[in-house]
Structure formats: C-alpha cells, structure tokens
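> Dropping the structure in here first, questions after.
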Amino acid sequence: MIQISPLVILLAIANIVSLIIFVFDKLKSKSGGRRIPESRLLLAALAGPFGAYIGMLLFRHKTRKTKFLLVPLFVLMQIGLIVYLRLI
C-alpha cells in the first residue's frame, strides 16, 4: 500500500481550494458581484500556487496584474519545498 504524507494531502487540498477561489472570483468579475480582494487571492496563491496558476491560465484571470507575476514564483517555491522535504 502506498503511504501518502499528510503534508502532500494538505498541499493538494490547498491547491484545489486556491483554484476554486480563482474561478469563483472570475465568475464574480463577469457577473458584477462582490469580488475577492487581491490580497486574499495572493494569500491563496501562496498556499496553493499550482491551483492559482491553473486558474489564471485557464480562465485568463489576473494575468495582466503585475503583482500576480508572483504566482509562478510561488509555484517554484512549492516545488522547492517538495524537493527539500522529499515528499514525493
């Protein structure tokens, strides 16, 4: 049986939640609803950068905002964490 680290599960959940947050904000931007503050989007991206980056690319959301150029950096940081801790 394959044993999965609880930290890997936590990172996967954070990335899924981050993707959902980005998609939700994109839908709200189209419908004119109440938006999620950029600071919270960036915090979600820090916790789950893969989900945030996928959301940005698939839904073309926040791709023109300069501060969201941090998201690919967050992806590299999470890859570094995974390699450093040898989680996979």
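The values are calculated or read from the model by the stated rules, or taken from the named source; none is laboratory data. Fair warning: this is a prediction, and the values are worked out from it, not measured in the lab. Neighbour counts are summed over all protein chains in view; Cβ atoms, including those assigned to glycine, are modelled from backbone coordinates with ideal geometry.
> Any chance you could count how many residues in region 37-88 are basic (Lys, Arg), out of contact with any helix residue (DSSP H, G or I) (no Cβ under 9 Å at 6 or more places or on another chain) and within 23 Å of Leu10 (Cα to Cα)?
Going through region 37-88 one residue at a time, the tally reaches 1.
> Looking only at region 8-42, count how many residues are part of a helix (DSSP H, G or I), under 16 Å from the mean Cα position of the chain (by Cα), exposed (fewer than 13 other Cβ atoms within 10 Å of the Cβ) and not basic (Lys, Arg).
3
> Same structure again: Kindly provide the set of residues from region 24-52 that are of a type in the set (Phe, Trp, Tyr) and closer than 20 Å to Leu7 by Cβ, ordered by number.
Phe50, the sole residue that qualifies.
> Quick check, is Phe74 at pLDDT 95 or above, in a helix (DSSP H, G or I) and touching a His at 6+ places or on another chain (Cβ under 7 Å)?
No: the conditions fail for Phe74.
> What number of residues within region 41-71 satisfy the criterion of being in contact (Cβ under 8 Å) with a residue 40 or more places away in the chain and within 11 Å of Ile20 (Cα to Cα)?
Within region 41-71, residues that are in contact (Cβ under 8 Å) with a residue 40 or more places away in the chain and within 11 Å of Ile20 (Cα to Cα) number 0.
> Taking region 43-63 on its own, how many of its residues are assigned to a helix (DSSP H, G or I) and touching a Gly at 6+ places or on another chain (Cβ under 9 Å)?
Of the residues in region 43-63, 2 are assigned to a helix (DSSP H, G or I) and touching a Gly at 6+ places or on another chain (Cβ under 9 Å).
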